[in-house]
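Below: one structure, written as structure tokens.
The values are calculated or read from the model by the stated rules, or taken from the named source; none is laboratory data. From a predicted model like this one, the values you see are computed outputs, not experimental measurements. Here Cβ is always computed from backbone atoms with ideal geometry, including for glycine, and neighbour counts include all displayed protein chains.
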Amino acid sequence: MDKQYISDTDGQRTYIFTPAQLSRIEAVLAEDLLDVGVHSVTLIDMAGNIISTMDNGENRHDLYSLAALAAGNFGAVSTMAGLIGEEEFSLLFHKGKKENIHFSKVTDEFLLITIFGKEVSLGFLRLKVAEATEKLVIALKPGS
Amino acid sequence: MAIINLKKKEVQAKVVYYGPGRGGKTTNLEYIYKKFRSRIQTEMVTIKTHGDRTLFFDFLPIEIGRIKGYDIRIQLYTVPGQVKYESTRRLVLRGVDGIVFVADSLAVRRKENVLSLKSLADNLASYKKSILEIPLVFQYNKRDLLDEGIPLLPVEWLEKDLNSKLKAPSFAASALKGPNVVQTMKKIIIMTIDSLRKDLT
């Protein structure tokens, strides 16, 4: 379906994702992240809306609340960075006993949330997230 | 910044309840949560201080059914009302698609309402949005206190103070008791979805 990607009306911005575009995004999330063993991965916008989410079939998290909190958290941390003279913090990561959560800015408007366990090292995850981010930047471009 | 997912035929939009501190923004969401509990699949998220004041935001996702073949999911948020949390309010407004301004009807809160509306306009402008153009509904809250003899601002004064230029729809309501809480929510949802209607083909 050939449809415009961003619609601006009266200063309101709406993001429209086509089925083909979403399929490309899902392929990146599945192949670059789920296949290496992460538990779930969710692409959100900075308003807290979910663009796409994939998991290994075992996760029952409340993703809508998670997306809202992640967007708020990311905004708060970015503001904190600004207050101490940093443009942004490069590593946003919370470690739990069983689950860890990693946040990565894809573009100024989109954020990737990855939940993973002990099976995946943080270093490897960051490498895979960086690779996925490059592909997502392309997949998220208008008209891609 | 609404999201339209053409693959899942789903729309997500963000509605923020804005207004002065202790005006009843959280109480609105609590009433909606209680009223529509069976249709809300998640818990209401609140980030509060120990004193039970909103620190960051409240969040309540609500599915309202299908319009033009799209499943509509509205994310309801509140901002913290206390003056000192201006930067937090700005964060919560990011990507907002519709606003309910919850004004406090208490006579002593007249100035706070006006200042809060001014901060809303400024914060929207920081995202290059205009308060004149975004879907907006006013709610004049705490009308139930009139029965208890507490001095309230007449609705006409509130209209004159806040809504004389904007001319947005408004409701006299009681977030605690319920009158016009659901009507306020329905109105902002209709206006928000209507603003997206041309994209729903």
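For the reader, a short list of remarks on this structure follows.
- Among the residues of the range A:55-82, those that are among the hydroxyl-bearing types (Ser, Thr, Tyr) and surrounded by 14 or more Cβ atoms within 10 Å (Cβ to Cβ) comprise A:Tyr64, A:Ser65, A:Ser78.
- Test result for B:Gly24, under 16 Å from B:Ala175 (Cα atoms) and modelled with pLDDT of 90 or more: yes
- Candidate set from the range A:21-36 (those that are in contact with a strand residue (DSSP E or B) (Cβ under 7 Å, 6 or more places away or on another chain) and within 14 Å of another protein chain (Cβ to nearest Cβ)); member that is surrounded by the most Cβ atoms within 10 Å (Cβ to Cβ): A:Leu29
- A:Glu109 meets all of the listed conditions (1) of a type in the set (Asp, Glu); (2) touching a strand residue (DSSP E or B) at 6+ places or on another chain (Cβ under 6 Å); (3) at pLDDT 95 or above but one, namely (3).
- Test for B:Val181: is it more than 16 Å from the chain's Cα centre (by Cα) and away from chain A (no Cβ under 14 Å): no
- Index of the failed condition, A:Gly85 passing every other in (1) buried (at least 21 other Cβ atoms within 10 Å of the Cβ); (2) out of contact with any helix residue (DSSP H, G or I) (no Cβ under 6 Å at 6 or more places or on another chain): (1)
- The set of residues in the range B:1-20 being more than 30 Å from B:Arg110 (Cβ to Cβ) and more than 7 Å from chain A (Cβ to nearest Cβ) consists of B:Lys8, B:Lys9, B:Glu10, B:Val11, B:Ala13.
- Those residues of the range A:78-107 which are within 14 Å of chain B (Cβ to nearest Cβ) and touching a residue at least 24 places away in the same chain (Cβ under 8 Å), in sequence order: A:Lys105, A:Thr107
- Looking only at residues in the range B:96-112 that are over 14 Å from the mean Cα position of the chain (by Cα) and of a type outside the set (A, V, I, L, M, F, W, C), the one that is nearest to the other protein chains (Cβ to nearest Cβ) is B:Glu112.
- Segments classed as strands (runs of 3 or more DSSP E), wholly inside the range B:1-50, with at least 1 members that are aliphatic (A, V, I, L, M), in contact with a His (Cβ under 9 Å, 6 or more places away or on another chain) and closer than 14 Å to B:Pro61 by Cα: none
- Residue, farthest from the other protein chains (Cβ to nearest Cβ), within the range B:46-63, restricted to residues that are among the aromatic types (Phe, Trp, Tyr) and within 12 Å of B:Tyr17 (Cα to Cα): B:Phe57
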